[in-house]
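The values are calculated or read from the model by the stated rules, or taken from the named source; none is laboratory data. Because the structure is a prediction, the values reported are computed rather than measured. With ideal geometry, Cβ positions are generated from the backbone for all residues, glycine too; neighbour counts draw on all protein chains shown.
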Amino acid sequence: MRRVLLIGVGAGDPELVTQQAVRALNTVDVFFLIDKGEVKDDLIAVRRRICEQFIDSPGYRFVEIPEPPRDRDAAAYEGAVQDWLDRRAALFERAIAAELGPDGVGAFLVWGDPTLYDGTIRIIDKLQARGVVEFEHEVIPGISSVQVLVARHRLPLNRIGESIHITTGRRLAAGLPEEFDNIVVMLDGGFAALEFTGADRTQIYWGAYLGTSDEVLMSGRPSPPARLNCEPSTAGSWTPTCSAAPPPSTQKG
């Protein structure tokens with residue numbers, strides 16, 4: 001039976017690719033790459049370089065799947081996302097059926113970790129429920145941008161007796177939770193987290209291009225000028241990640 005692997009390849013630095021991921025890479029016949037257009041060509045290039053670096057045998061090949069358009073400003077956000085996932089699933093299904101033999105091994109190389117703010121697992125589950133193309137699948141965990149962020153800032157992600165709230169910049173823009181200890185903000189291209197630096201108990205630990213040569217880090221209570229000056233010059237794979245926490249003087253434990 002066909003096998004499909006969802007391989008977490010870390011946050012950008014090839015040194016973050018795990019040994020389990022390397023073993024999985026060396027079993028793959030076909031790598032499915034999502035073509036998101038010229039602005040995201042660097043994401044495909046990094047995936048190709050990872051394969052070149054870690055795969056011993058040259059017998060694999062790449063199949064590019066075009067990314068369907070997505071309305072990011074739709075009033076019905078969840079409905080728009082579901083529609084986009086459905087169209088993506090149809091393209092995945094077509095590619096797996098056409099490009100992967102009955103006993104072949106295919107793989108999607110997922111930035112960071114497949115279980116954290118990535119829709120690939122959801123799409124694969126949808127395809128298996130449909131049953132049009134039969135295959136087994138396996139998820140290989142990876143090192144996420146969240147782990148890289150807190151490591152770069154030399155922080156523990158959890159603090160004694162405190163909770164962790166993980167959200168997105170879009171949701172945070174609506175306001176801070178009434179009570180929070182520590183917040184991790186993903187996909188914050190609009191700098192929503194930095195709008196709350198005036199809150200009395202908020203300390204910001206921010207990063208972009210984590211795990212790449214263009215990595216940018218910032219911490220403390222940055223002012224708007226600092227926010228503007230920190231923007232990287234190239235924005236291809238930039239998905240800012242931020243951790244907000246009480247300042248050290250107020251932390252428990």
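A few remarks follow.
- Note on segment 156-179: residues that are out of contact with any helix residue (DSSP H, G or I) (no Cβ under 8 Å at 6 or more places or on another chain) and closer than 23 Å to Thr115 by Cα total 9.
- Hits in segment 70-115 (condition: in contact with a Ser or Thr (Cβ under 9 Å, 6 or more places away or on another chain) and either assigned to a loop (DSSP other than H, G, I, E, B) or among the aromatic types (Phe, Trp, Tyr) (or both)): Phe92, Phe108, Trp111, Asp113, Pro114, Thr115
- Near pairs, Cβ below 6 angstrom, 6+ apart or cross-chain, from segment 136-161 (at positive phi) to any residue that is surrounded by fewer than 16 Cβ atoms within 10 Å (Cβ to Cβ): Gly161/Lys252
Table: residues versus (1) touching a Cys at 6+ places or on another chain (Cβ under 6 Å); (2) closer than 18 Å to Ile7 by Cα; (3) of a type outside the set (Asp, Glu); (4) not assigned by TED's automatic domain parsing to the domain that holds Leu25.
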site: Gly79; (1), (2), (3), (4): no, no, yes, no
site: Trp84; (1), (2), (3), (4): no, no, yes, no
site: Asp113; (1), (2), (3), (4): no, yes, no, no
site: Leu155; (1), (2), (3), (4): no, no, yes, yes
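- Top-ranked residue of segment 135-161 - restricted to ones that are charged (D, E, K, R) and surrounded by 12 or more Cβ atoms within 10 Å (Cβ to Cβ), ranked as modelled with the lowest pLDDT: Arg159
- Only one of the numbered conditions (1) out of contact with any strand residue (DSSP E or B) (no Cβ under 6 Å at 6 or more places or on another chain); (2) in a loop (DSSP other than H, G, I, E, B); (3) surrounded by 14 or more Cβ atoms within 10 Å (Cβ to Cβ) is violated by Asp118, and that is (1).
- Residue check for Arg87: surrounded by fewer than 16 Cβ atoms within 10 Å (Cβ to Cβ) and in contact with a Pro (Cβ under 6 Å, 6 or more places away or on another chain): yes
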